[in-house]
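Student: First the structure, which I've put down as C-alpha cells, then a few questions once you've had a look.
The values are calculated or read from the model by the stated rules, or taken from the named source; none is laboratory data. This one's a predicted model, so the numbers in the text were calculated from it and none came from an experiment. All Cβ positions, even for glycine, are placed from backbone atoms using ideal geometry, and neighbour counts span all protein chains on display. Accessible surface areas use protein heavy atoms only, side chains included; no ligands, DNA or RNA. Shrake-Rupley method; radii C 1.70, N 1.55, O 1.52, S 1.80 Å.
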Amino acid sequence: MDERVIGRSGQWASVVGLGTWQLGADWGDVDDKEALSVLEAAAEAGVTFFDTADVYGDGRSEGTIASFLRGRPDLHVLVATKMGRRVEQIPENYVLDNFRAWNDRSRRNLGVDRIDLVQLHCPPTPVYSSDAVFDALDTLVEEERVAAYGVSVETCAEALTAIARPNVASVQIILNPFRMKPLYEVLPAARAAGVGIIARVPLASGLLSGKYTRDTVFAANDHRTFNRHGEAFDQGETFSGVDYGTGVEAAAEFAALAPEGYTPAQLALRWIIEQDGVTTVIPGARNPEQARANAAAAKLPPLPPETFTAIRELYDRRIKDQVESRW
C-alpha cells in the first residue's frame, strides 16, 4: 500500500490506517480473539499505521496492539496513541507532570520505551493556545519518551491554532463526505506548514457504509445509541454530528453514487484519500472482513470528477447546514 509522510515527523503511514477505538470500547462488545484478527487482517492488507488512545477500553486497545505486535516482529507498524481524557477536562490538567504519568502508562501498555506519535486527545480549546502545553510536549520529545507529537481536534479553529505551532507533526480531524469544512482552510494550512492530516470518523460512524436504516438498533453500550446528542462526549464524534434520520436518508443517496466496483464505504475512503493534504485515513473495523475491505480502497482507481461533483452537491443540499456552524 502507498505510504505518505506524517508531516514534520519524518515518519511514514499507509494511506489507509486502522482506527482501534472499536477494539477498546463504545462500539458494543469485541472479544480479544476477534480484536487480534482485525489487527492481523489489516496488517496483511498493507496497513502500517494503527491509531489508538489510552482511554479506549481504559488501555485495552493499547494492550491488544502490543500483544499483536509482540507476535509479529516481522512487521513495521507505526503506532499513534492519544492522551488527556483520563481526567477532568480543564486546561489546568494539561501539565508536564500529568503528561509524563500518562506517557508512562501508555508506554507500559504498548510495551515500548518510546511512542512513535502521541496526540493530545481533543483537549479543552484553551489548551491549543498555551505555550506551556507545547513546551511540555517538546520536553517529552527531548526525554525520548515520544518520537513526535500531534493533536486531535474537534473544530477547524482548533486545528488552525495547532498547525501554527512549530513542532506539531500532525492534526487528527473528522473529515468525510458528510464533514467537508476542513477542506476550506485546514488542509491548505497543513500543506503549507508541513503538518500531516489524519482523517478520522471517515464513515460517519458507519452511516456512509449505507447499511443502516431508521429502524437499526445499536447495542446499549455503543456510542451510536448513547451519544447521539452529545450526552457523553462531543456530538460530532457520533454520525459526524448529523441527525440520524437525515444521515440515513443522505447515506442512501451517497451509496447510489458509488462507481462500479466500489462499496459505499470504499467510496467514502477513496474520496478522503484523494483530498490534497491528507496523510492517512483511519477507519475502524469490527471484523477482519471490514479491515480488508477498508484497506482495499487504497488500490481502487481514482474517482471520476463527476463523482466528486455529485458528492459535493449532496453535502451542500443535505448536510452542510447541520455541521459547518459547529465544527
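Student: Specify the residue that is farthest from the chain's Cα centre (by Cα); the eligible residues are those in region 1-25 that are at pLDDT below 95 and crowded, with 20+ Cβ neighbours inside 10 Å.
Tutor: Residue satisfying both the conditions and the ranking: SER9.
Student: Among the listed residues ARG270, ARG214, ARG224, identify the single one that is under 28 Å from ALA80 (Cβ atoms), open to solvent by 20 Å² or more (accessible area, probe 1.4 Å) and among the basic types (Lys, Arg).
Tutor: Step by step, each of ARG270, ARG214, ARG224 is checked, and only ARG270 is under 28 Å from ALA80 (Cβ atoms), open to solvent by 20 Å² or more (accessible area, probe 1.4 Å) and among the basic types (Lys, Arg).
Student: Of the residues in region 302-327, how many are of a type in the set (S, T, N, Q) and assigned to a loop (DSSP other than H, G, I, E, B)?
Tutor: 1
Student: Show the residue pairs that are 6+ apart or on different chains and have beta-carbon atoms under 8 Å apart, the first residue being within region 127-152 and under 15 Å from GLU92 (Cα atoms), the second being of a type in the set (Asp, Glu).
Tutor: Pairs found: TYR128/GLU158.
Student: A follow-up question, please. Does VAL153 meet the test of being of a type in the set (A, V, I, L, M, F, W, C) and buried (at least 24 other Cβ atoms within 10 Å of the Cβ)?
Tutor: yes
Student: Among the residues of region 291-327, count how many are open to solvent by 30 Å² or more (accessible area, probe 1.4 Å), under 30 Å from ILE65 (Cα atoms) and in contact with a Gly (Cβ under 8 Å, 6 or more places away or on another chain).
Tutor: 1
Student: Then there's this: So which residues in region 1-30 are under 11 Å from SER61 (Cα atoms) and either outside any loop (DSSP other than H, G, I, E, B) or of a type in the set (D, E, K, R) (or both)?
Tutor: The answer is GLY19, TRP21, GLN22, LEU23.
Student: Could you tell me whether GLU185 is open to solvent by 30 Å² or more (accessible area, probe 1.4 Å), closer than 17 Å to GLY10 by Cα, in contact (Cβ under 8 Å) with a residue 24 or more places away in the chain and of a type in the set (Asp, Glu)?
Tutor: no
Student: ARG286: closer than 23 Å to GLU34 by Cα and open to solvent by 30 Å² or more (accessible area, probe 1.4 Å), yes or no?
Tutor: So ARG286 passes the test.
Student: Looking only at region 240-255, count how many residues are surrounded by 14 or more Cβ atoms within 10 Å (Cβ to Cβ), in contact with a Lys or Arg (Cβ under 7 Å, 6 or more places away or on another chain) and free of Cβ contacts under 8 Å to residues at least 60 places away in the same chain.
Tutor: Counting residues in region 240-255 that are surrounded by 14 or more Cβ atoms within 10 Å (Cβ to Cβ), in contact with a Lys or Arg (Cβ under 7 Å, 6 or more places away or on another chain) and free of Cβ contacts under 8 Å to residues at least 60 places away in the same chain gives 2.
Student: Select from region 26-61 the residues that are of a type outside the set (A, V, I, L, M, F, W, C), over 15 Å from the mean Cα position of the chain (by Cα) and within 16 Å of THR81 (Cα to Cα) and list them in ascending order.
Tutor: GLY57, ASP58, GLY59, ARG60 - these are the residues of region 26-61 that are of a type outside the set (A, V, I, L, M, F, W, C), over 15 Å from the mean Cα position of the chain (by Cα) and within 16 Å of THR81 (Cα to Cα).
Student: Going by the conditions given, is ALA53 under 21 Å from ALA169 (Cβ atoms) and touching a strand residue (DSSP E or B) at 6+ places or on another chain (Cβ under 9 Å)?
Tutor: So ALA53 fits the description; yes.
Student: Would it be correct to say that ALA258 is modelled with pLDDT of 95 or more, in contact with a helix residue (DSSP H, G or I) (Cβ under 6 Å, 6 or more places away or on another chain) and either of a type in the set (Gly, Ala, Ser) or open to solvent by 40 Å² or more (accessible area, probe 1.4 Å) (or both)?
Tutor: Here the answer is yes, as ALA258 does meet what is asked.
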